[in-house]
Every structure is written in structure tokens, then in C-alpha cells.
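Notes for the one structure printed next.
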Amino acid sequence: MNNNEELGEDEAMFVEEDETSESFNELCSDLNLDATTRDNTWRTFATVRQKYTLEGDPGHWLCCAVYVACRQANIPSVGNSPTIHGSYVNLTRLLRTSKLSLVDFFDKSRKWGDMTNMSHDFRSKIERLERNFAVTTVIYKKFEPIFAGLFKEFSTTNIEEYRANRKKLTPKSAADLFEFCWTLFLCVKSSLRISDDLVNSYHLLLACVDLVFHNVVQACRNNLLTTKFADLAEAGGDPRSGDPTCIIHALCDLYDGVSVEAKTIKEYWLRPKIRTMIDAGLIRGDPDTLSGLMEETVFENNYRKLEKEYEEYVLTEGDFDERMYLSPEKHADFGMDSPNIDYLKSFECQSPYRTYPPLQELRHLMPQTPLTGKKYLGDKEEYLQSPISQATQTVSRLQAMLSGRKSEASEKLKELLNGCKQDPLPSMKTRLAHLSEMFIAHYLAKRGDNAPGFHQEFALYRSQLGQTLYYRLLESVLGSEAKLRADKAELTEVLMDDAFNSSLFACSMEIVLFSFNSNHRFPWILDALQLAGYHFFKVIEIIVRTEESLSRDVVKHLSQVEEKVLEELAWKENSPLWSILLTKGEPVPSCEEVFLPSQMEKTGNESTENAPKRYAVIKTPQGEKCVPVAVGGTNQSTLIIQDKTSSQILGVVLPSKHGDKPKKGSSVALFFRKFYHLSFIRLQDLCKNLTIEDEILRKIWTCFQQAIQNNLEELMKARHLDQIIMCIVYVVSKVVGSERSFTEIMRCYRLQPQSASHVYRNVMLLDAGKPTESRGDLIKFYNTIFINGIQKYALKFSSKSEDATVPLSPVPHLKSTPLMSPCHRVASQHSVYLRTLRNPKIASPSKPLRYNFSARLSPNNNLKAINAMLQVPSGIELKAKAVKRLVSENEEGAISMADQVPTKVFAKRLQDYIEERPGGANNATTSTTTTVVGVSEAMEME
């Protein structure tokens, strides 16, 4: 019987393979693939299918395999022409033939890349495609109302019917002008290689709309325009532009543009490109005035030529055809749920990025709030109606911040520099000029022949903004220091320091790049300026503390940048931190040694001083030490500390309300203070989501400190902080008998704002410095490297250990940051909020019925109803007995871990805000262990 069943399964497998092979051959014939590409595709697909289970339609996976093979193919050309890299296969046609939507293609391509170990360059290609799709989707959504506001007879609801009945393209039709403008925009955008740049692409679109308006007015077709723009044309145009046919300012005012950016792109990008196309004979028109492009005699010819050039780009680069947005089948091609989907809903609670998956590529426009640095965030700002509004507002705020300033020192800054032993301005100018040249060269390095001179102008403009911001930030820092120091001479060495000035300029450029939504993401700026992250991060807190004009999102971004350095960049193999630790020859400091005593867990009654004090690090023959500095002023001030002998900045010593000082105050100690702070914040958050008790948290923290102090280089070199935290949580929780699986730990880790899948999928296995580099997943790292150095110490926490009284390290005493909103959301999948009645004037975040709780009144029924609702997943109807609990074999009535985790998480959150609530049931685990064993569970691919 078993043999017959196995034979039936084999037959089914062969039948499925025959069907897959037949559909593949049809696909190759339809796309006219060459034999080499066809063989490579099938060979790769067969290999992957033997190793992995491919869920869903095999034709969808074949589509990914075909695309990869086509892009990697090298086709010899005829004659002396160079070899063509990549088969000329239209991605849009490939997807339609395979019946695969673009959104699903992105998802499957990422998974296909993991299974085939795809190269970094090709992964970057897929990421650029997805960013391009996100950017174009947002822009097209804005393009429709812009054109409808300009032309009175234009409507997207009638355009499809008109297109089906038309015989010839005509410039007298708003619908044909709509298609012409969109095709012109795509053609110029693709040639400039800015497809994944939201801010520049949007302003290019506004410039194209302005060009269409210019040609319509020049052709005396004002009857096509709406009353507002027809009157504007008859009145001689916008007086701000000085051109009777320029409406850039009006478009920016109406549709969230930045006029300075739009005018720059119009003059330096669009107009030169159009002139080049006219001179080359691609299109017909007046190269001086750029008019005559839409005359009836040349309109259709110009449109067809633009289409042809864009089609060549699509085939050459392997991009998807963005003319799909003009197709009535676009919703099916993209993978939208319905033609009426509103993928750009209100920005409340950052909803659009969750509503429509492709827009997750624009999530950097609204960065998540990091776990640290919350005390520097200002009030929450009102979210705007689209990603474009959000992006252009960030640019506008930066330009307003720099309004009236030049890329040179202001009179106020010069006044602040008076009294220095040596004038630092000449060296600053020389240094900034050199750094700017490095920035521009690195910016243009990979653009090759496809980078016209417009990109050089663009890079120069960004560099000038960075220099202007540099002087503005320096002025703010020195202005704050002037209130604390009567003698400015001691600032001279700091202002002459190369690392400080380079870091300040790098931070200025990072703010500019972030504000303009550049695809050069951190740490790109460090590579461009050849700056070490260990030196760079020291200026971040100074800037955030002293510059109050920075927007909330910029502050969030800088906090993320600081975390990025502390978690990973400072631990790179070539980081200067390793040489500094080696030179000092001192052991790695503990948390107690670098924190202020008032910031550590109190062990007894401690007296505190009311007067604020500061402590500065000074260099003495006996070494570095902290000395009190008597200053006045507010606690928001900062103090730059510098090594007097080596001119190296040691860091920033912050004010203390208790008058205490750390045991160690060197630059390394200041670094480890931030490192320990970040580590404990993340560890505490992870344990909270895992419902790990505070006592176990203290043991995990003690074991973490032991690992950092004694095995720093073996564990952290070329690795990530979160990798060590997850391993520490696993080993200690297993030893103490409260085991959490790696799958569960990774699931809770993904809830943290900085989480990334590569952290647990791609871990350095061999010790850094070895000639051959080996990488694997987190479980393999735990079994082969991590456990070897930590097992002996971790076993001391076992109940069966002879050394059961291991002293626990004190945990940092971190003040809870008051949330900006008085309303606290209990669960992400339920709209349940809690707030006190101290300020009844503040509106609730939603309009449903409110429940008020007080110590005198105990509405048990309401509390039970809310708890029951929270224990049920979103979308499931709540019934009388909705939550079923499994009974464990070991203990009658015990709750299984699968049901216990979400219930305890929500219960703990409620307990944090309602102190009167009684404690939950005690479901302690009784099992213990005396040995730390390896892990053999599979990684969860999500």
C-alpha cells in the first residue's frame, strides 16, 4: 500500500514538472529568449526547486528566474559594437505573460535572491526598482489633480473612453496633452537617472507641466485652460517669475512644491535636456524659447519619438514601463486590491506605508522613533496628506532655517570667534573646500557617461547648503558655550581640530541629504568623507542639544544615526576604537564605572545635592580625571571636552542634578556610557515583549556586561550589538529554566524600530582578521562561537550550580521619557487607548465611547470586556468563549506558551498605566537545566 502511494506521488511530481516545463517553453518562445539564457534559467530553477519548497504558482518563480538570467546575460553584437549586457526583455511584458503583478514580483524576487545567493549589485537593482515604483506611484497620484486643475476639460474617468475612440493625437485635447506631458516626464527622468529620488522627480514633473503650459499659451490655446490659469496667462503671468508663461511659483503654492528647487531643476535639468533633444533631431521645436513642441504639425511625431527613446531605456536597463500608469489595466498590473484603492490615505499614524506595501520604500520620510534620544524630540507635528507633502515640507524647513545665510561665517559667528588664540576661519575655509570636493567627487563617482553636467550643478548646490548649515550649527554650538565660558582661548584647539570640523560638516551634509530624500543613505557620507563613525557620533548630541530649529523627523534621524554607530559602525574591523583600546591597555570599563552614580540603581539611602554641577575631563601626568566645573545656566547646555595633549575631543560631559561624577571620564568611557545605555534600553524592551521577569532581566544584564568586559573583541568585532543581545537572552533564559526559543526572540526583536533581517541572517562566523570570511545565521554563530566564551559564566545562574550566589550587576536607573501624547495605545491591532483625567481638554485620538477609571470606582465588567477583546486577534469576532487555552501535559490548567505570550504582553501594558489592576495568574515554569546546549531550530524566513 505504501509503495502504491509513493508511486502516485512520483507520478504527480512528474506531471507537475511536465506542466511547468511546457509553460516555461511557451514563455521563452513568447519572449524570444536565446538558447543560453533559456538553459541558464531552467538550470537555476531546477536547482532551487530541489533545495526549497516553492509555494504558489511555479510560473511566478520562473518569471523571477527569467528576469535574473536576462539581466546577467552578455549578448555579442554585430560588427564592432560593444557587447550588450542584459537581454532585451521588457519586464512589463514578462510580468503580464507570467500573470504576475509587480508587487508580487518584488516580494518573490527578494526571496529568490535569498535562495540563489544573489549578488549585492543585483539585490540593489531590485531595491532600486521598488523605490522607483514607490516614487512614481506617489507622483502619478499627484499628477492627475495637477493636470485637472490646469485644464478644464480633463478628467481621468473619461480619458480611457476618449483614447479608444480617437484617430489621431492632437494638441487641442487635454487628454493627449496629459499623455504627452507624462511621457516627456518619464523620458527626461530616466535620462537623468533620478527615478528613485522623490523630491527631484516631483519638481521635474512640475517643470514639465510648466513647459506644457508655456507651449499652450504660446500656441494661443488658452481656451483649454481653467479660468484661474487662463486669467493668469492673460494678466502677463506670475510677477514673481518675470516670465509671462511661467507658472512654477503658482504650481508650488498649490501643490506642495518648493519653488527654489523647481526653478533649479527647470533651468539646469529640463531646459538643457530639451535643447539637446531638439539639436539631435529627436524632437522638433525652438531650442531658444522651447516653444513649438506642441504644434499640430509636429505634436504626434514628437510624442512618438519620446516614446521610442523611453522604450529603449526600459529595454536596456530592465526597468518596468511606467507608462503602465496610463493603462486601464494598471491596478491588475501593479497588484492593487481594487481599482478604487486609496493607497495614499491620510498620514495619521503613518498609515499609508502599512496600507500599500510598495510605499514602505518611502518609510524613511517619516522615520520611526528610536528607543533612545526621545528626550530631545519636540512636540509631534501634524502629518500631511501625502509623502510628497512630507518630503517638500522637510526641504522647506531646511531652507527657512538657512534663509538669508551664505556659505561663509556670519558676523555673529565672527564675533563669537574673537578672543581665540588663533583665528580658525582660514583653516575652516580650506578644510571645507577640500571636504566639499570629496563630497562632489564621491557623489558623481558611479554615474558614468549617463551623468550630464546637471548632476555636477546639483551636487555643488547640495554642498553649498551643507557648508551654510555647517556655519549655522557651529554658531549655535559656540553661542551655547559662550554662556558658560568667560575665556574663549581654550576653544581654539577644539575649533582647529580636524576630526571635530570634519564630523560637523559630515553631520550637516547628512541633514541636507536626509531633508532632500536622497538615495545616499547613512553611512554613505562617512565613506564619502573618509570619516570614522567613532569620531563622527560625538558631535550628534551637541548639535541636537544646541540647535532648536531642527525638525522632529531630523532629530529622529540623527538619533538613528547615533544608534547605527554604537550598534555596528564603531565595531568594524578598521574602527579606531580598537587601536585606542589597545593603546590605553586598560580593561573595558563596566557600566558602573562610566555612568553617573545617580544614573545607576540605588542600593541605599543616598543624599543628593540640589545645585547642578559639571565635571570636565582634564589631562594630568597621572592620567585623565574628572574635575568639577562651577558654572551656571540651564541643564540643556553642553560642554565640549578635549584632550590637551593630543587635541582629540574626549566628548561632551552633561550636567548632573545630583552633583555626582563617573569613576571614569575619558573619551572611551563616554563612548561606553552611550553603548551601555543603548544596550540596556534594547534589552529591556526585548525582555518586556518576551514577558521575561525583572529578576531574569538582571541576570541577563549581568551576563551581558561580563561578555562585553571579557570577550569584547571575540564577540563584537565586525558584528552587531543586537546579535549579542539576542544570544544573551537565549542562553540565560535557558539556564534559569524560562527558555525562549530563537524564533520567539527574533519575532519580538522585529518589533523594535531598528530591527533588520540581515542582523540574524548574515552574521560573521570567523573571528575578524582571518584571511577567509565565513558568514551564517545567528543560530550557527551561537553554536560555533558565542557559546564557547560565555557558557561557563552563564551556568553559574543555574539553580543546580554550586555557585548559586552570583552577584548581580546594578542596572541603569533610566528615567522614563514622558510621551508627547497623553493617550497610550494598549495594542497595535486594536484601537484601545488609555489616558488619565488630569487634562480633560485634550481630545481623544478616536471618537468611540470612552471609559473613565478611578481608584474609587471599579468597573469590573468594563475591564473584563476590554481584556477579553485584547486577547482576541484583530478581525475575529468576539464571542462568549472566544479564547481557548490548551492544557499542558505537565500541569493541569496551565496555559500554553502560544496563548500566554500575547495575553501577558497586553496585561503588562495595562498594568503599567492602571496601578489599581490586580496581578495576573502565576504560570511559572518549573523546568530547570544545568547545561547549555546548542540550538538546532530552523531560522524563520520573514
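Pairs of Cα atoms in region 197-320 fall into 5 Å distance bins, from 0 up to the last occupied one, in shares of 2, 10, 18, 21, 21, 16, 8, 3, 1, 0 percent. For region 18-118, the percent of C-alpha pairs falling in each 10 Å distance bin, counted from 0 to the bin holding the largest distance, reads 14, 50, 29, 6, 1. Checked against a 31 Å cut-off, the cross-linked pairs K108/K699; K483/K674; K111/K189; K674/K792; K111/K796 give Cα-Cα distances beyond that limit for K108/K699; K111/K796.
Solvent exposure of region 128-349 amounts to 39 Å² per residue of accessible area, where only protein heavy atoms count and the probe is 1.4 Å. Can you give me the % of accessible surface on region 18-118 that is carbon or sulfur? Probe 1.4 Å, all protein chains present, nothing else counted. Carbon and sulfur atoms account for 45 percent of the accessible area of region 18-118.
Measure off, as a whole percent, the carbon and sulfur share of the 1.4 Å-probe accessible area of region 682-766, all protein chains present. That fraction is 41 percent. Taking 0.36 nm per residue of separation and subtracting the Cα-Cα distance, full extension of the segment from T784 to D114 would add 239.0 nm.
Report the extension gain between N519 and T276 in nm, rounded to one decimal, defined as 0.36 nm multiplied by the number of residues separating them, less their alpha carbon distance.
Stretched out fully, the N519 to T276 stretch lengthens by 84.8 nm.
Backbone geometry of region 411-421 corresponds, through the Karplus equation with coefficients 6.51, -1.76 and 1.60 at θ = phi - 60°, to 3J(HN,Hα) couplings of 5, 5, 5, 4, 5, 5, 7, 4, x, 6, 4 Hz, x marking Gly and Pro. When the inverse distances between all different Cα atoms of region 144-236 are averaged and flipped, the Kirkwood radius reads 14.1 angstrom.
In whole percent, and with a 1.4 Å probe on the protein chains, what portion of the accessible area of region 474-546 is carbon and sulfur?
Summing carbon and sulfur atoms, their accessible area is 47 percent of the total for region 474-546.
In this simple spin-label model, placing a label point 7 Å from the Cα along the Cα-to-Cβ direction at both L581 and R761 gives a separation of 2.9 nm. For region 18-118, the solvent-accessible area works out to 55 Å² per residue, with a probe of 1.4 Å and every protein chain left in place. A DSSP coil position with no more than 11 other Cβ atoms inside 10 Å describes the following trypsin sites (Lys or Arg not before Pro) in region 131-226: K167, K168. Here each label is just a point 7 Å from Cα along the line to Cβ, and for N418 and K228 those points are 5.1 nm apart. Note on R96 and N32: the model spin-label points, each 7 Å out from Cα along the C-beta direction, lie 1.6 nm apart.
Could you give me D for region 128-349, from Stokes-Einstein at 10 °C and 1.306 mPa s, where the hydrodynamic radius is the Kirkwood radius over C-alpha pairs? Units µm² s⁻¹, please.
Answer, rounded: 88 µm²/s.
Highest mean packing first, where packing is the average number of other Cβ atoms within 10 Å per residue, the peptides 317-329, 419-431 line up as 317-329, 419-431. Maximal additional length on extending the E295-N25 stretch stands at 92.5 nm, based on 0.36 nm per residue less the C-alpha distance. Taken along its principal axes, the alpha carbon cloud of region 404-570 reaches lengths of 54, 34, 27 Å, longest axis first.
The values are calculated or read from the model by the stated rules, or taken from the named source; none is laboratory data. Remember, it's a predicted structure, so these values are computed and weren't measured experimentally. All Cβ positions, glycine included, derive from the backbone under ideal geometry; neighbour counts span all protein chains shown. To get the accessible areas, we keep the full protein, side chains included, count just its heavy atoms, and leave off ligands, DNA and RNA. Shrake-Rupley method; radii C 1.70, N 1.55, O 1.52, S 1.80 Å.
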